Amino acid sequence: MTIVYSVILMSVLGLSFGIFLAFSAKKFEVKEDPRVKMIVEILPGANCGACGYAGCEAYARAIVANKAKPTLCLPGKASGVSKKIKEILENSGKS
Ligand code: SF4
């Protein structure tokens, strides 16, 4: 009988924690500007730091926050990354 009680107890605890975690994930969800993801997708992804930021995603966040110019990515210069970033910012209407 002890095993049955243990299984029931563990099931109830597991279900309770699962519901709590699902609720917490929804309640404390961090909403991110969708432009960050769009900009990250067009950056080279080398994470070289030549732009002065820790990586491509940090640079994208700085651009969206108006803390960095869109022309700082040296590896992406040849492929016209800065022009594409400007288009994203202009099309969003928040530049
Ligand atoms: S310079 Fe370009 S490739 Fe290098 S980390 Fe910055 S955004 Fe990424």
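Readers should treat all values here as calculations from the given coordinates under stated rules, not as data from a laboratory. The structure displayed is predicted, hence computed values, not measured ones. In this analysis, Cβ positions are derived from the backbone assuming ideal geometry, glycine residues included, and neighbour counts consider all displayed protein chains.
Can you name the residue in the stretch 50-75 that is within 18 Å of the chain's Cα centre (by Cα) and within 7 Å of the ligand (Cβ to nearest atom) and, of all such residues, is nearest to LYS86 (Cα to Cα)? Once the filter is applied, the top-ranked residue is TYR59. For VAL4, the conditions (1) free of Cβ contacts under 8 Å to residues at least 12 places away in the same chain; (2) of a type in the set (Val, Ile, Thr); (3) within 10 Å of the ligand (Cβ to nearest atom) all hold with the exception of (3).
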